[in-house]
Amino acid sequence: MINITLPDNTVQQHESGITAMEIAKKISEGLARNIISAEVNGEIWDATRPINKDARLKLLTWNDDGGKATMWHSSAHLMAEAIEQLFPGVKFGIGPDIENGFYYDIDTGDRTLTESDLVDIEKRMIDLAREKQQFERVDISKPEALKYFTEKGDEYKIELINDLTDGEITLYKSGTFTDLCRGPHVPDTGMIKAVKLLNIAGAYWRGDEKRKQLTRIYGITFPKKKELDEYLLMLEEAKKRDHRKLGKELELFTFSQKVGSGLPLWLPKGAQLRERLEQYLKRVQKEAGYLPVITPHIGNVNLYKISGHYDKYGQDSFRPITTPVEGEAFFLKPMNCPHHCEIFNAKPHSYKDLPIRYAEFGTVYRYEQSGELHGLTRVRGFTQDDAHIFCMPDQIKDEFKSVIKIIMRIFKALDFKEFVTQISLRDPNTPEKYIGSDENWEKAERAIIEVAEEEGLDAITEYGEAAFYGPKMDFMVKDAIGRKWQLGTIQVDYNLPERFDLTYTGSDNEKHRPVMIHRAPFGSLERFVAVLVEHCAGNFPLWLSPDQAIILPISEKYQKFAEKVLQFLNNSDIRALIDDRGEKISRKIRDAEVKKIPYMLIVGEKEESENQVSIRKHGEGDLGSFSLEEFAVLINKEVNRLQGFEV
RNA sequence: GCCGGUGUAGCUCAGUUGGCCAGAGCAGCUGAUUUGUAAUCAGCUGGUCGGGGGUUCGAAUCCCUCCACCGGCUCCA
């Protein structure tokens with residue numbers, strides 16, 4: 001007999017070899033029907049896999065992430081089976097479950113799969129699912145596994161097997177498809193009731209651009225048709241929040257082929273929005289002791305040779321521009337840090353001066369591969385809210401923490417609740433990608449890890465995500481359709497101070513090396529605005545909204561009064577305009593709603609006689625009549641509250 | 001950069017197997033209407049069908065090429 005501990009800590013005694021499915025049946029038939037897989041001592045197993053020793057058991061259904069993962073992983077197998085039947089001879093790479101669904105990488109040989117093939121594959125998947133195919137788990141020796149896939153002619157699986165240890169290799173068979181797989185899988189494919197293959201894309205084998213590109217098909221499945229419909233509807237809704245669409249509709253920014261791809265043009269409303277973000281951060285930074293600096297848009301190539309950026313990115317940059325007579329070469333500035341180092345070097349520093357914090361909204365230009373450009377989130381010219389903090393080693397943690405405070409303040413002011421804090425460290429397997437001594441790297445990495453712990457940040461750690469000169473703490477936010485973007489970043493750097501020979505005089509009257517912290521709370525204004533637009537679906541918080549109120553006269557008779565109201569609002573620092581078209585009030589309201597203007601002020605006979613305005617709030621409706629003074633107080637209170645400043 | 005897809009007016013889209021001057025709605029302009037909480041009516045303007053080349057008696061429709069954009073991959077100082 002073995003002891004099975006359930007999540008509520010009750011312990012059941014069972015025969016050795018019992019399965020999660022059998023245990024579920026004893027609890028209830030309904031549960032047994034819904035069970036997808038089971039967590040056994042923290043590992044996800046097939047519900048039908050025998051348990052031979054004491055275990056903690058959690059039964060997983062569609063309501064558990066682990067259950068969804070199992071179902072989607074099985075769906076990948078189901079799709080592979082369908083594809084193999086429809087297109088015999090294709091070879092398979094990997095086919096995992098992902099956050100929302102699954103994919104499979106396929107080598108289709110000479111054939112090219114297109115969107116229209118997806119429909120056929122979906123149909124076949126549904127047919128196969130209805131057969132209620134069971135997954136059979138087979139332990140297999142390494143030589144046998146190699147023999148099987150050699151005979152099948154699938155070199156990708158052979159490569160995968162060669163990296164595995166003999167004795168730990170399993171195959172899963174379902175229907176006509178057999179795959180190298182560690183599982184787990186659904187009890188049978190009948191649970192998969194709704195299938196949608198979402199898109200088709202190229203993907204390099206093992207993520208290596210030097211290797212063959214396979215065809216990747218992304219899909220998602222559900223246990224109920226209704227859930228699929230809801231998911232597709234949700235995707236449609238998300239697309240409406242896309243900053244590229246809203247940016248056009250709300251006249252925030254545009255691109256021009258004549259100007260060049262990846263070079264955003266900020267329209268007046270977008271420029272105003274961006275300026276407000278800059279003003280806000282300048283105010284916060286002034287309080288935090290930052291000093292403004294300004295540097296040019298180009299820099300001598302030698303500057304970047306000293307910083308190390310030339311070696312790392314010189315070939316992947318815009319070509320240098322040269323002076324016509326002397327032939328001196330200059331790069332468009334791809335980052336601000338080397339310039340700021342030279343500002344630090346402009347005069348000698350005492351330890352008493354530190355930390356010194358130089359801040360600049362610095363516009364930089366980077367050559368991004370054409371296929372990488374993406375709206376405002378990935379562009380070739382952008383403005384960083386950059387600053388570099390030069391400090392003594394024992395000041396690093398405090399400075400780092402005060403930067404975190406600024407980032408949290410901004411995220412709070414803009415209601416960014418869902419972000420991921422990521423500690424980006426070196427990849428220990430590729431030391432050639434990084435500059436600087438191991439000792440300095442370890443110091444820098446340790447500082448970041450300790451700060452995260454001391455601040456109680458729930459951070460994930462990613463190896464290989466560090467900058468080439470130092471580790472980072474990055475703040476990631478998702479866009480409307482779930483893509484993750486890095487916004488804020490804080491980086492500890494021991495390297496540039498050495499390369500630029502930065503020094504300060506310590507209390508011992510000796511020269512010492514400062515440490516540099518690179519930081520950008522927004523990251524880039526372009527990307528930040530993009531994510532902000534998607535986050536609020538274009539309904540900006542009042543303090544950022546390009547137009548805060550629109551005055552809607554009932555008819556031309558009230559134009560004079562409308563102008564009086566406008567003047568009052570302007571004097572009260574409220575951004576407003578008048579819709580003086582000869583349209584009906586309902587039309588003016590509709591247009592103002594579509595433009596997402598926060599407040600509509602309706603003025604007619606009643607309002608004029610009582611010197612009031614009738615307020616309608618965007619998305620909410622009529623709030624009733626108020627005096628102008630009351631409205632101004634209302635607005636200014638809301639603006640200050642949202643920005644996190646004292647009223 | 002790579003794989004696949006798309007490209008018709010400022011925007012959203014129609015344009016049958018290549019065939020008469022390329023269409024609609026919205027926006028814009030002009031006029032009428034002077035309006036009470038999400039679209040008043042009428043008229044008009046606007047496109048070398050992404051650029052270039054080719055096939056053809058004839059190309060928005062077929063082919064080649066370049067560009068841009070979209071979905072991924074790779075990359076992201």
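The values are calculated or read from the model by the stated rules, or taken from the named source; none is laboratory data. Please read these numbers as outputs of a predicted model, since none were measured by experiment. Cβ atoms come from the backbone with ideal geometry, glycine included; neighbour counts cover every protein chain shown. These accessible areas exclude ligands, DNA and RNA; they are computed on the full protein's heavy atoms, side chains included. Shrake-Rupley method; radii C 1.70, N 1.55, O 1.52, S 1.80 Å.
Which one is most open to solvent (accessible area, probe 1.4 Å), of the residues in the stretch A:183-204 that are more than 7 Å from RNA strand B (Cβ to nearest atom) and over 13 Å from A:Ile35 (Cα atoms)?
Of the stretch A:183-204, the ones more than 7 Å from RNA strand B (Cβ to nearest atom) are A:183-198.
Checking the rest, the ones that are also over 13 Å from A:Ile35 (Cα atoms) come to A:183, A:193-198.
Values: A:Gly183: 13, A:Lys193: 115, A:Ala194: 3, A:Val195: 15, A:Lys196: 68, A:Leu197: 6, A:Leu198: 54 Å².
Step by step, filter the stretch A:183-204, then rank; the result is A:Lys193.
When you scan the stretch A:267-293, how many residues do you find that are over 23 Å from the mean Cα position of the chain (by Cα) and hydrophobic (A, V, I, L, M, F, W, C)?
Taking the stretch A:267-293 and keeping what is over 23 Å from the mean Cα position of the chain (by Cα), we get A:267-269, A:271-272, A:275-276, A:279-280, A:282-293.
With hydrophobic (A, V, I, L, M, F, W, C) added as a condition, the list becomes A:267, A:271, A:284, A:288, A:291, A:293.
So the count comes out to 6.
Out of the residues in the stretch A:539-560 that are part of a loop (DSSP other than H, G, I, E, B) and within 16 Å of RNA strand B (Cβ to nearest atom), which is surrounded by the fewest Cβ atoms within 10 Å (Cβ to Cβ)? Steps first, please.
Quick first cut of the stretch A:539-560, residues part of a loop (DSSP other than H, G, I, E, B) only: A:539-548, A:554-555.
Filter once more, so that each one left must be within 16 Å of RNA strand B (Cβ to nearest atom): A:539-540, A:545, A:547, A:554-555.
Working: A:Asn539: 15, A:Phe540: 24, A:Ser545: 24, A:Asp547: 18, A:Ile554: 18, A:Ser555: 12.
Ranking the qualifying residues of the stretch A:539-560, first place goes to A:Ser555.
Only one residue in A:Gly207, A:Gly247 is exposed (fewer than 15 other Cβ atoms within 10 Å of the Cβ), modelled with pLDDT of 95 or more and within 11 Å of RNA strand B (Cβ to nearest atom). Which one?
Details: A:Gly247 fails: exposed (fewer than 15 other Cβ atoms within 10 Å of the Cβ).
Of the residues listed, the single one that is exposed (fewer than 15 other Cβ atoms within 10 Å of the Cβ), modelled with pLDDT of 95 or more and within 11 Å of RNA strand B (Cβ to nearest atom) is A:Gly207.
Yes/no per residue for (1) touching a Pro at 6+ places or on another chain (Cβ under 7 Å); (2) open to solvent by 40 Å² or more (accessible area, probe 1.4 Å); (3) more than 20 Å from A:Cys391 (Cα to Cα):
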position	(1), (2), (3)
A:Glu462	no, yes, yes
A:Phe468	no, no, yes
A:Arg483	no, yes, yes
A:Gln486	no, yes, yes
A:Thr489	no, no, no
A:Tyr494	no, no, no
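Would you point out which residue out of A:Asp127, A:Asp139 is without any contact (Cβ under 8 Å) to a residue 60 or more places away in the chain, assigned by TED's automatic domain parsing to the domain that holds A:Thr221, out of contact with any strand residue (DSSP E or B) (no Cβ under 6 Å at 6 or more places or on another chain) and open to solvent by 20 Å² or more (accessible area, probe 1.4 Å)? Full working, then the answer.
Details: A:Asp139 fails: out of contact with any strand residue (DSSP E or B) (no Cβ under 6 Å at 6 or more places or on another chain).
Answer to the selection: A:Asp127.
Considering only residues that are within 13 Å of RNA strand B (Cβ to nearest atom), open to solvent by less than 80 Å² (accessible area, probe 1.4 Å) and free of Cβ contacts under 8 Å to residues at least 60 places away in the same chain, which ones fall in the stretch A:319-342?
First, pick out the residues of the stretch A:319-342 that are within 13 Å of RNA strand B (Cβ to nearest atom): A:319-320, A:331-341.
After this cut, where a residue has to be open to solvent by less than 80 Å² (accessible area, probe 1.4 Å) as well, the list is A:320, A:331-341.
Hits for the stretch A:319-342 are A:Pro320, A:Phe331, A:Leu332, A:Lys333, A:Pro334, A:Met335, A:Asn336, A:His339, A:His340.
Among the helices (runs of 4 or more DSSP H) confined wholly to the stretch A:561-647, which include 1 or more residues that are within 13 Å of RNA strand B (Cβ to nearest atom) and open to solvent by 70 Å² or more (accessible area, probe 1.4 Å)?
Numbers: elements: A:585-594, A:605-610, A:628-643.
Result: A:585-594, A:605-610.
When residues of the stretch A:606-647 are filtered for being among the β-branched types (Val, Ile, Thr) and at positive phi, how many remain? Don't jump to the end; show me each part of the working.
Our first condition is that a residue be among the β-branched types (Val, Ile, Thr); within the stretch A:606-647, this holds for A:613, A:615, A:633, A:635, A:639, A:647.
Filter again for at positive phi, leaving none.
Here the count works out to 0.
List, please: which pairs have Cβ atoms under 8 Å, are six or more places apart or on different chains, and start with a residue in the stretch A:546-558 that is in the same structural domain as A:Asp579 (by TED's automatic domain parsing) and within 27 Å of A:Leu250 (Cβ to Cβ) and end with one that is near RNA strand B (Cβ under 6 Å from one of its atoms) and open to solvent by less than 10 Å² (accessible area, probe 1.4 Å)?
Here the result reads A:Pro553/A:Gly604; A:Ile554/A:Gly604, each pair linking the stretch A:546-558 to a residue that is near RNA strand B (Cβ under 6 Å from one of its atoms) and open to solvent by less than 10 Å² (accessible area, probe 1.4 Å).
Considering only residues of the stretch A:343-381 that are within 16 Å of RNA strand B (Cβ to nearest atom) and of a type in the set (Ser, Thr, Tyr), which is surrounded by the fewest Cβ atoms within 10 Å (Cβ to Cβ)?
A:Ser370
Which residue, of A:Leu232, A:Leu277, A:Leu246, A:Leu263, is in contact with a Gly (Cβ under 6 Å, 6 or more places away or on another chain) and within 28 Å of A:Glu593 (Cα to Cα)? Walk me through it before giving the result.
Details: A:Leu232 fails: in contact with a Gly (Cβ under 6 Å, 6 or more places away or on another chain); A:Leu277 fails: in contact with a Gly (Cβ under 6 Å, 6 or more places away or on another chain); A:Leu263 fails: within 28 Å of A:Glu593 (Cα to Cα).
After ruling out the rest, the residue left standing is A:Leu246.
Out of the residues in the stretch A:291-308 meeting the condition of being assigned to a strand (DSSP E or B) and of a type in the set (A, V, I, L, M, F, W, C), tell me which one is farthest from RNA strand B (Cβ to nearest atom). Please lay out each step first, then the result.
Of all residues in the stretch A:291-308, those assigned to a strand (DSSP E or B) come to A:291-292, A:298-300.
Filter once more, so that each one left must be of a type in the set (A, V, I, L, M, F, W, C): A:291, A:298.
Numbers: A:Leu291: 21, A:Ile298: 13 Å.
Among residues in the stretch A:291-308 that are assigned to a strand (DSSP E or B) and of a type in the set (A, V, I, L, M, F, W, C), the one farthest from RNA strand B (Cβ to nearest atom) is A:Leu291.
Quick one: which of A:Thr150, A:Thr165 is part of a loop (DSSP other than H, G, I, E, B), of a type in the set (Val, Ile, Thr) and over 28 Å from A:Met191 (Cβ atoms)? Can you show your working first?
Values: A:Thr150 fails: part of a loop (DSSP other than H, G, I, E, B).
Residue meeting the stated conditions: A:Thr165.
Take the stretch A:101-122 and flag every residue that is modelled with pLDDT under 95 and either away from RNA strand B (no atom under 16 Å from the Cβ) or open to solvent by 80 Å² or more (accessible area, probe 1.4 Å) (or both). Before you say what the answer is, go through the steps one by one.
Of the stretch A:101-122, the ones modelled with pLDDT under 95 are A:108-120.
Residues satisfying the conditions are A:Asp110, A:Arg111, A:Thr112, A:Glu115.
Cβ-Cβ distance below 9 Å, separation of 6 or more or different chains: which pairs start in the stretch A:624-647 with a residue that is farther than 15 Å from A:Ile574 by Cβ and end on one that is of a type in the set (S, T, N, Q) and modelled with pLDDT under 95?
A:Glu646/A:Asn640; A:Val647/A:Asn636; A:Val647/A:Asn640
Spot the failing condition for A:Leu180; the list is (1) surrounded by 20 or more Cβ atoms within 10 Å (Cβ to Cβ); (2) over 23 Å from the mean Cα position of the chain (by Cα); (3) within 16 Å of RNA strand B (Cβ to nearest atom), and only one is missed.
(3)
For the stretch A:267-309, enumerate the residues that are of a type outside the set (Lys, Arg) and open to solvent by 70 Å² or more (accessible area, probe 1.4 Å). Break it down into steps so the answer makes sense when it comes.
First pass over the stretch A:267-309, keeping only residues of a type outside the set (Lys, Arg): A:267-268, A:270-273, A:275, A:277-281, A:284-285, A:287-304, A:306-309.
Hits for the stretch A:267-309 are A:Pro268, A:Glu275, A:Gln279, A:Glu287, A:Leu291, A:Pro292, A:Ile294, A:Pro296, A:His297, A:Asn302, A:Ile306.
Does at least one position in the stretch A:444-453 carry a residue that is out of contact with any Gly (no Cβ under 7 Å at 6 or more places or on another chain) and more than 30 Å from A:Val531 (Cα to Cα)?
Step one: of the stretch A:444-453, the residues out of contact with any Gly (no Cβ under 7 Å at 6 or more places or on another chain) are A:445-453.
Going one step further and asking which of them are more than 30 Å from A:Val531 (Cα to Cα), we end up with A:446.
Yes.
Report yes if some residue within the stretch A:507-527 is assigned by TED's automatic domain parsing to the domain that holds A:Tyr358, assigned to a loop (DSSP other than H, G, I, E, B), modelled with pLDDT of 95 or more and of a type in the set (A, V, I, L, M, F, W, C); otherwise report no. Outline the logic, then answer.
Our first condition is that a residue be assigned by TED's automatic domain parsing to the domain that holds A:Tyr358; within the stretch A:507-527, this holds for A:507-527.
Those still in the list that are assigned to a loop (DSSP other than H, G, I, E, B) too: A:507-510, A:513-514, A:521-523.
Remaining after also requiring modelled with pLDDT of 95 or more: A:507-510, A:513-514, A:521-523.
Those left that are additionally of a type in the set (A, V, I, L, M, F, W, C): A:522.
Yes, the stretch A:507-527 contains at least one residue that is assigned by TED's automatic domain parsing to the domain that holds A:Tyr358, assigned to a loop (DSSP other than H, G, I, E, B), modelled with pLDDT of 95 or more and of a type in the set (A, V, I, L, M, F, W, C).
Is it true that some residue in the stretch A:251-258 is open to solvent by less than 100 Å² (accessible area, probe 1.4 Å), within 12 Å of RNA strand B (Cβ to nearest atom), among the small types (Gly, Ala, Ser) and not in a loop (DSSP other than H, G, I, E, B)?
No: the stretch A:251-258 contains no residue that is open to solvent by less than 100 Å² (accessible area, probe 1.4 Å), within 12 Å of RNA strand B (Cβ to nearest atom), among the small types (Gly, Ala, Ser) and not in a loop (DSSP other than H, G, I, E, B).
Quick one: would you say A:Gly644 is over 30 Å from A:Tyr280 (Cα atoms) and of a type outside the set (D, E, K, R)?
On the way: over 30 Å from A:Tyr280 (Cα atoms): no; of a type outside the set (D, E, K, R): yes.
Criteria not met by A:Gly644.
Filter the stretch A:162-178 for residues that are out of contact with any strand residue (DSSP E or B) (no Cβ under 6 Å at 6 or more places or on another chain), within 19 Å of A:Asp105 (Cα to Cα) and of a type in the set (Val, Ile, Thr) and give the result. Break it down into steps so the answer makes sense when it comes.
To start, the set of residues in the stretch A:162-178 that are out of contact with any strand residue (DSSP E or B) (no Cβ under 6 Å at 6 or more places or on another chain) comprises A:162-169, A:174-177.
From the residues that got through so far, the ones that are within 19 Å of A:Asp105 (Cα to Cα) too are A:162-163, A:174, A:176-177.
A:Thr176, the sole residue that qualifies.
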